[in-house]
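Engineer: Mind having a look at this structure? Questions to follow.
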């Protein structure tokens, strides 16, 4: 009996301990470090408040009806022949309708203000970055500086970032939760994204779309540096001595993970454009090279970047 009591107590206390432990976890979506992430946090909180406006009264009303019409309450009126009440119908339909209108308004306005392709309001010219999702790694090209990095994105803090994104293989997603706006990368196409890191820091980036065996390793680190720190990183990258040309890209595009972060001191001109236009062959995709899978020719596309 004693053992059974202790086991029951442990089962009861376990969820409480887990709750307190989870209370210390940092949720990246609610710890934004850029204007886009901050705006998306505001939308989430506003939407929650609007929905609670109907959820809380509904819960309170359900409990109130159960309490008032309890068997011991002789004051409650029992109306077995009641069929219709205009006042109840007004409340039942008006509150959900107002909730839908408010949520629709928030969605409509924010979907235009936070269009991924819409440039951020800033007096500073954006930094151009080209992103290629591979199996299973990330390639970041800085076309103005003519350098590149793999599995590490280094950016200057306080500077708008304009990303041009494509995929060397299957469809994927680029997502830095603390900066906001997840967006798809697609082979033979280019998508646009504008973000900004307001302050120096290190953030987690990831793929949000399953893309094969190495998907779990397809994450990257984002380092936002002060202006002088970013320039110093560019100088170190240019002194690396490694060049990313067509042959180097084809070797990099081979399936494999994980890959340690590395940099290229120089990048072949128009490399990103050649990837998008399929002048360089697309990656094999997750099905090629697996046991029992037959190779398929790379799909053709008429999509324009």
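Engineer: Looking at (1) closer than 18 Å to residue 40 by Cα; (2) in a strand (DSSP E or B), which is the only condition residue 202 fails?
Structural biologist: Status for residue 202: all satisfied but (1).
Engineer: Moving on to the next point. Give me the pairs, please: first residue somewhere in segment 60-80 and surrounded by 10 or more Cβ atoms within 10 Å (Cβ to Cβ), second residue anywhere and modelled with pLDDT of 85 or more and in a helix (DSSP H, G or I), beta-carbon distance under 6 Å, and either six or more positions apart or on two chains.
Structural biologist: 76/68
Engineer: I need the full set of residues from segment 237-282 which are over 22 Å from residue 207 (Cβ atoms), in a helix (DSSP H, G or I) and in contact (Cβ under 8 Å) with a residue 12 or more places away in the chain, in order please.
Structural biologist: Taking segment 237-282 first, the residues over 22 Å from residue 207 (Cβ atoms) are 237-243, 245-248, 265-270, 273-274, 277, 279.
After this cut, where a residue has to be in a helix (DSSP H, G or I) as well, the list is 237-238, 246-248, 273-274.
Scanning segment 237-282 gives 237, 238, 246, 248, 273, 274.
Engineer: Same structure again: For segment 162-174, name all the residues that are out of contact with any helix residue (DSSP H, G or I) (no Cβ under 8 Å at 6 or more places or on another chain), buried (at least 22 other Cβ atoms within 10 Å of the Cβ) and outside any loop (DSSP other than H, G, I, E, B).
Structural biologist: Taking segment 162-174 first, the residues out of contact with any helix residue (DSSP H, G or I) (no Cβ under 8 Å at 6 or more places or on another chain) are 162-163, 165, 167, 169-174.
Now drop any that are not buried (at least 22 other Cβ atoms within 10 Å of the Cβ), which leaves 163, 165, 167, 169, 172, 174.
If the condition is that a residue be out of contact with any helix residue (DSSP H, G or I) (no Cβ under 8 Å at 6 or more places or on another chain), buried (at least 22 other Cβ atoms within 10 Å of the Cβ) and outside any loop (DSSP other than H, G, I, E, B), then 163, 165, 167, 172, 174 are the ones that fit.
Engineer: Pick from 153, 195, 120, 139: which is surrounded by fewer than 21 Cβ atoms within 10 Å (Cβ to Cβ) and either touching a strand residue (DSSP E or B) at 6+ places or on another chain (Cβ under 6 Å) or on the phi > 0 side of the Ramachandran plot (or both)?
Structural biologist: Numbers: 153 fails: surrounded by fewer than 21 Cβ atoms within 10 Å (Cβ to Cβ); 195 fails: surrounded by fewer than 21 Cβ atoms within 10 Å (Cβ to Cβ); 139 fails: surrounded by fewer than 21 Cβ atoms within 10 Å (Cβ to Cβ).
Going through 153, 195, 120, 139 in turn, the sole match is 120.
Engineer: Out of 116, 156, I need the residue that is touching a helix residue (DSSP H, G or I) at 6+ places or on another chain (Cβ under 8 Å) and under 30 Å from residue 274 (Cβ atoms). Which one?
Structural biologist: Working: 116 fails: touching a helix residue (DSSP H, G or I) at 6+ places or on another chain (Cβ under 8 Å).
Result: 156 is the single residue among 116, 156 that is touching a helix residue (DSSP H, G or I) at 6+ places or on another chain (Cβ under 8 Å) and under 30 Å from residue 274 (Cβ atoms).
Engineer: Among the residues that make up segment 118-127, is at least one of them in a loop (DSSP other than H, G, I, E, B), closer than 30 Å to residue 253 by Cβ and touching a residue at least 24 places away in the same chain (Cβ under 8 Å)? Before the answer, list the steps.
Structural biologist: Initially, segment 118-127 is screened for residues in a loop (DSSP other than H, G, I, E, B), giving 118-126.
Cutting the leftovers down to closer than 30 Å to residue 253 by Cβ gives us 126.
Those left that are additionally touching a residue at least 24 places away in the same chain (Cβ under 8 Å): 126.
Yes, segment 118-127 contains at least one residue that is in a loop (DSSP other than H, G, I, E, B), closer than 30 Å to residue 253 by Cβ and touching a residue at least 24 places away in the same chain (Cβ under 8 Å).
Engineer: On the basis of being surrounded by 11 or more Cβ atoms within 10 Å (Cβ to Cβ) and either touching a strand residue (DSSP E or B) at 6+ places or on another chain (Cβ under 9 Å) or at pLDDT below 85 (or both), does residue 9 make the cut? Before you say what the answer is, go through the steps one by one.
Structural biologist: Working: surrounded by 11 or more Cβ atoms within 10 Å (Cβ to Cβ): no; either touching a strand residue (DSSP E or B) at 6+ places or on another chain (Cβ under 9 Å) or at pLDDT below 85 (or both): yes.
Criteria not met by residue 9.
Engineer: I would also like to ask the following. Give the residues of segment 14-55 that are modelled with pLDDT under 55 and surrounded by 10 or more Cβ atoms within 10 Å (Cβ to Cβ), sorted by residue number.
Structural biologist: Hits for segment 14-55 are 14, 17, 18.
Engineer: For residue 255, work out the one condition from (1) under 26 Å from the mean Cα position of the chain (by Cα); (2) surrounded by fewer than 19 Cβ atoms within 10 Å (Cβ to Cβ) it doesn't fulfil.
Structural biologist: Status for residue 255: all satisfied but (2).
Engineer: Mind listing just one residue for me: the one in segment 64-105 that is in contact with a helix residue (DSSP H, G or I) (Cβ under 6 Å, 6 or more places away or on another chain) and assigned to a helix (DSSP H, G or I) and, of those, farthest from residue 194 (Cα to Cα)? It would help to see each step written out before you state the result.
Structural biologist: From segment 64-105, those in contact with a helix residue (DSSP H, G or I) (Cβ under 6 Å, 6 or more places away or on another chain) are 76, 95, 99, 102-103; that's our starting set.
Checking which are assigned to a helix (DSSP H, G or I) leaves us with 95, 99, 102-103.
Numbers: 95: 37, 99: 31, 102: 27, 103: 25 Å.
Among them, the one singled out is 95.
The values are calculated or read from the model by the stated rules, or taken from the named source; none is laboratory data. Keep in mind that this is a model prediction, so the values were computed, not measured. Positions of Cβ are generated from backbone atoms using ideal geometry, with glycine treated the same way; all protein chains shown enter the neighbour counts.
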